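Everything on this sheet refers to the single structure shown next.
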Amino acid sequence: MAIGNQYNHLEKDLYKAPSVFSSGSTSLDTANDKESVVSDCESGVSGPCFDQPSLCNNGLIQLCSGDKAHDLITRRFLSNLGSMAVHIKDLTIQKNCFAGVTWQARLQSFQIFIKAMEKKCGGGGDANVKYAWCAATRDEICKIVKHGFGHCGLPKNSGLYGHGIYLSPDDSPMESVKNAVADKNGVRYLMLCRVILGKAELVQPGSKQCHPSSDEFDSGVDDLSSPKKYVVWSTHLNTHILPEFIVSFRATSSLKGFLGMQDRLKMPTSPWISFPALISALSKYLPPTAINLISKYYKDHKDKKISRHELIQFVRQFAGDKLLIAVIKSSRTKQYRHE
């Protein structure tokens, strides 16, 4: 099933929740606008709110239990984490009110680009607008909320799928949770963004792409049938991404341990083969360009530019699990012969 035809449950539900746009702004044109209840940034919803250090005061308002958007996002976030949901605590949701002239201009620009994408996709076509998660640090989010997306303060990523921002589908929050970095208070942050994907193209690991490969495409994905990553190119950051909510939380020690274990669970490890030895063995089967890229990412890992999880992900996607297992088994066999 193509990405353009995927059904975004959160998108449908949030249209029915109180609008994320203030009464003084223009609502996004949707078939369900009449179902939306317009609320402003001073909505006083009763219910418990967790006491976390204020993120920033630039147009964010904290939502509390009982607010429809708060409850919808909480339910979807936790349900899609599965068994890991019990390890999330002090969950807080803040809403971007798009305060100020600049954010109002960005909001209207986002609407214009939706209409333009619909025309591009064939008159009244599908602009393929989705909700998606993006991990970012506290400082990065403050800069984005204040200044929008720019080269300064962009969420960091491995660069594995080219130059842009990587987001995970709303039903795959764990992909972003794994990349969320705790601040000094142990709080991790995610942005829930509305994203214009248009027609997505498959992006191969190691791509240096920074814009669509042709006029036919608008964004990138790591898998056309079941994407875990949306790639919005650096040329589209302030026109195709709208950060609507900030979700923050603390993780129990169990979840911290789980996240730390991901690297060891992603690929078989063994005492008889190191990464340099693995790269050397893979050079017999993979083209020089692939080996050079793997070597580059190994150096990036040693320089602490990317995590071990990101390095392993790259190697697995470029070499494939079958080849990796065969190389490791072969190394083990050779070791036994020399013992």
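Here residue 217 sits with roughly 40 square angstrom of accessible surface, probe radius 1.4 Å. Pairs from the list 68/184; 89/184; 89/143; 146/184; 143/304 with a Cα-Cα gap above 27 Å: 68/184. When nucleic acids and ligands are ignored and a 1.4 Å probe is applied, residue 88 ends up with an accessible area of around 20 Å².
For the range 309-326 and the range 154-221, what is the separation of their C-alpha centers, rounded to whole Å? Each part's Cα centre sits 20 Å from the other's. Taking all protein chains together, 142, 134 sort by accessible area into 142, 134, largest first [probe 1.4 Å].
On full extension, the segment bounded by residue 253 and residue 238 gains 1.8 nm, given 0.36 nm per residue less the C-alpha separation.
Once you divide the Cα radius of gyration of the range 147-237 by 2.2 N^0.38 Å, the number left is 1.09. Between the amide H of residue 230 and those of 167, 168, distances stay under 5 Å, these residues lying 5 or more places away or on another chain, with hydrogens modeled in the peptide plane. Each label point was placed 7 Å from the Cα along the Cα-to-Cβ direction; for residue 181 and residue 65 their separation is 3.3 nm. The residues neighbouring residue 289, those whose beta-carbon lies less than 13 Å from its own, together hold a net charge of +2 under the Lys/Arg +1, Asp/Glu -1 convention.
For the range 68-218, the calculated P(r) over all alpha carbon pairs, in 10 Å bins from 0 to the bin holding the longest distance, is 9, 33, 38, 17, 2 percent.
Applied to the range 232-241, the Karplus parametrisation 6.51 cos²θ - 1.76 cosθ + 1.60 on θ = phi - 60° returns per-residue 3J(HN,Hα) values of 9, 5, 4, 6, 10, 4, 8, 10, 10, 10 Hz, with x for Gly and Pro.
Rounded to the nearest Hz, the phi-derived 3J(HN,Hα) couplings of the range 60-67 under the Karplus curve 6.51 cos²θ - 1.76 cosθ + 1.60 (θ = phi - 60°) are 9, 10, 7, 8, 10, 4, x, 6, where x marks glycine and proline. Note on the range 67-121: with neighbouring protein chains present and a 1.4 Å probe, carbon and sulfur make up 60 percent of its accessible heavy-atom surface. Note that the range 308-324 has calculated 3J(HN,Hα) couplings of 5, 4, 5, 4, 5, 4, 4, 4, 4, 6, 7, 8, x, 5, 4, 5, 4 Hz, one per residue in order, obtained from phi through the Karplus relation 6.51 cos²θ - 1.76 cosθ + 1.60 (θ = phi - 60°); glycine and proline are x. Answer rounded, prolate or oblate for the range 83-143, using the Cα gyration tensor with square roots of eigenvalues a ≥ b ≥ c: rounded when a/c is under 1.5, else prolate when a/b is larger than b/c, else oblate. Note, shape of the range 83-143 comes out oblate.
The values are calculated or read from the model by the stated rules, or taken from the named source; none is laboratory data. A quick note: this is a predicted structure, and the numbers were derived from the prediction, not measured. So basically every Cβ, Gly included, is an ideal-geometry build from the backbone, and we count neighbours across all protein chains shown. Calculation scope for accessible area: heavy atoms of the full protein, side chains included, ligands and nucleic acids excluded. Shrake-Rupley method; radii C 1.70, N 1.55, O 1.52, S 1.80 Å.
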